[in-house]
Amino acid sequence: MIKNFKWLLLVSLTFVACNSDDDAVIDPNSVDGSPLTAGSADFSKYVALGNSLCAGYSDGALFMAGQANSYPNILSQQFALVGGGEFKIPYMNDNVGGLLLSGTPIQSPRLYFNGSGPATVSGTPTTDITNVLTGPFNNMGVPGAKSFHLLANGYGNVAGVLSGQANPYFVRFASSPTTSVLADALAQNPTFFSLWIGNNDVLAYATSGGTGVNRTGNPDPTTYGGNDITDPGLFNTVYTTLVTQLTANGAKGVVANIPDVTSVPFFTTVPTNPIPGLPAANAAQLNALFGGINSALASFGMPARFQTLVADDGNPATVEANPLLIKDETLLNISSQITSALIGAGYPTATAGYIGTLYGQARHASNAAGSRDYILLTARTIIGTTQTGAVAPFNTIGVSYPMQDNTTLTASETAEVKAATVAYNNSIHDIAMAKGLAFVDANTILNQVANGGLVANGYTMTSTYVTGNAFSLDGVHPSPKGYALIANKFLEAINATYGSNFKGVNLGQYQILYPAVLP
């Protein structure tokens, strides 16, 4: 009897043990199913610093839904699962977007896709920057901010907005007109921070078509214009100051580097050769003129600037693409030589002078590796239209009338942007490693998105304009799904550095694009 009792007891204990294993809790929020942990990080006071990417800017504007879907807010929701505290956002007043200054519009509403292209949503902005919010705020992303702006006292002073000395977005939530973004962040004594800054230090130059100045070698930001490339030495000094002060009290954090601007659809959507076959007479006339200029250049030992244009052959099955005619201010200006040659060929003096001025620094856009030009997304609406005041037949933009400097990022300008980006990224990486911070290689991630796509949660994220999932309609800032992808990449870096095990969010829960009407 005792023997049988022992046997029954053993069976009972085995059954209980099996049931205990079957009932083991699997945490759905952790990447490995084990209980969610913050690791060595403390997320009780999280502060995010950065620019428009940090704020949740999308579709050319800042608005409530975009702010709610910002990557810092997504991160804060994950951090809340392991003791993260409240995350306050300086919300806009509406989902229209745009800003007012004492009732006068100073920023435009957001875009939406109307079925054929981007369009501006209906409605009037209601966010007036003179209505200052009461903080402090955890999301300190300031659209338009460059690296050194985060250190600038008075960057939130409304009196400096129209002169460009202050930022209208920071005016709304700065603790005082004399404070800086960094000072307001440090006043909260953060235990954890994210920092993604530096994009605008090259992006403003790139999106303006290189109309700014490359300030490499000039570390004095007081001499800079809004579209200038920041000196890499100044960037290094500023970034070191930011990270040193943010970590001074033992706070941990995550930082990200700067994506190559040519990985975003603002620069890659419009091809360099979108012009269809021309009427035969037009093609012949332009080829004769351009061929003559090329021959003159060759006689001086200079390379050709123009390609041979193709005519419409009447076959709808044939896709013929001519290159865009652009102005390149780096070229030697040969206006006077062209004028003289045309006068010698019998052209009236006025006509010869007009053509010489028009083509003195003109060339056809290049798509060749290593010398690629990038046509800005904003130029797509003017290609093929008639230039006001120009003389026919030299008045078709991109065909016989050169596209101007602010429509194109030329190969030489692209090289300047890339060189600065590499320098910034070296600084960000080295400073992050020296401080033991989590590091997000945003440059590599967005290059993957742009070159073949990146698959996440069953979605292929590409940089294809409108349909690629990753970007919004402004061609620069992420879509809701794109911001979710970025948040997950930040979480991966945090897990790797601090031993946390966040699973992240499902991209399927986020929209591809925002609709025309939002609550």
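The values are calculated or read from the model by the stated rules, or taken from the named source; none is laboratory data. Because the structure is a prediction, the values reported are computed rather than measured. Virtual Cβ from ideal backbone geometry, glycine too; neighbours counted across all protein chains shown. Surface areas here come from the heavy atoms of the whole protein model, side chains and all, with no ligands, DNA or RNA. Shrake-Rupley method; radii C 1.70, N 1.55, O 1.52, S 1.80 Å.
For this structure, a couple of remarks:
- Cα shape, the range 437-519, gyration tensor, a/c 1.5 rule: prolate
- Against the criterion of solvent-accessible heavy-atom surface with a 1.4 angstrom probe, Val466, Val243 sort, most first, into Val466, Val243.
- Between the labelled values (1) 19, 50, 27, 4, 0; (2) 22, 58, 20, 0; (3) 20, 47, 24, 7, 2, 1, 0, the entry that holds P(r) over Cα pairs in 20 Å bins from 0, in percent as derived from this structure is (3).
- Between Tyr57, Thr308, Ser30, the Cα set farthest toward the positive side of the dipole of the chain (charges on each charged residue's Cβ, about the Cα centre) is that of Ser30.
- Residues listed by number, the range 371-397, amide nitrogen under 13 Å from Ala281 label point at 7 Å toward C-beta: 393
- When the Cα positions of Pro276, Leu286, Gly135 are compared along the charge dipole of the chain, Gly135 comes out farthest toward the positive end, with charges on each C-beta of Lys, Arg, Asp and Glu.
- In this rough spin-label picture, where each label sits 7 Å from Cα along the Cβ direction, the Ala119-Thr134 distance is 4.2 nm.
- Per-pair calculated FRET efficiency, R0 = 60 Å: Ala187 and Ala304 via Cβ, rounded to 0.05: 0.50
- As a fraction of the 1.4 Å probe accessible area of the range 252-402, surface on carbon and sulfur atoms comes out at 57 percent.
- Paramagnetic reach from Thr460 in the range 470-491 [backbone N under 15 Å; point 7 Å along Cα→Cβ]: 470
- Gyration tensor (alpha-carbon) shape descriptor, the range 79-166, a/c threshold 1.5: oblate
- Whether the range 331-405 is rounded, prolate or oblate, judged on the alpha carbon gyration tensor where a/c under 1.5 counts as rounded: oblate
- Shown for the chain are the DSSP H helices of 18 Å or more along their axis, judged by Cα atoms, with a mean Kyte-Doolittle hydropathy of at least -1.0: 2-22, 232-246, 280-299, 411-435, 480-498.
- Pairwise FRET efficiency - Ser340 versus Thr386, Cβ, R0 = 25 Å, nearest 0.05: 0.30
- Mean separation of Cα contacts under 8 Å (6+ apart) over length of the range 380-481, as relative contact order %: 9 percent
- Counted over the chain, the DSSP beta bridges are approximately 50% antiparallel.
- Cβ-Cβ distance of Thr247 and Asn218, R₀ of 45 Å, FRET efficiency by 1/(1 + (r/R0)^6): the value works out to about 0.95.
- Restricting the calculation to Cα atoms, the range 54-121 shows an Rg/Rh of 1.09 when the hydrodynamic-style radius is the Kirkwood one.
- Dipole magnitude of the range 126-280 about its Cα centre (Cβ charges: Lys, Arg +1; Asp, Glu -1), debye to nearest 20: 180 debye
- Cα-centre dipole for the chain with unit charges at Cβ (Lys and Arg positive, Asp and Glu negative), debye to 20: 300 debye
- Average Cα contact separation per residue, the range 203-329, under 8 Å, 6 or more apart, as relative contact order %: 19 percent
- Solvent-accessible area per residue for the range 471-519 (1.4 angstrom probe, square angstrom): 34 Å²
- Heavy-atom accessible surface of the range 186-232: percent carbon and sulfur, 1.4 Å: 52 percent
- Available extension along the chain between Ala159 and His429 is 93.5 nm, counting 0.36 nm per residue and deducting the alpha carbon span.
- Helix-only mean residue ellipticity at 222 nm for the chain, each DSSP H run of n ≥ 4 adding -39500 (n - 2.57), per residue, nearest 500: -10000 deg cm²/dmol
- Projecting the Cα atoms of Gly250, Leu297, Pro221 onto the charge dipole of the range 219-321, computed from C-beta unit charges around the Cα centre, puts Gly250 farthest toward the positive end.
- Across the range 263-343, C-alpha contacts under 8 Å between residues 6 or more apart give a mean separation that, scaled by the residue count, equals a relative contact order of 38 percent.
- Mean-position separation - Cα centroids, the range 340-365 and the range 456-482, in angstrom: 45 Å
- Rough spin-label spacing in nm, given labels placed 7 Å along Cα→Cβ, for Tyr347 and Ala415: 3.0 nm
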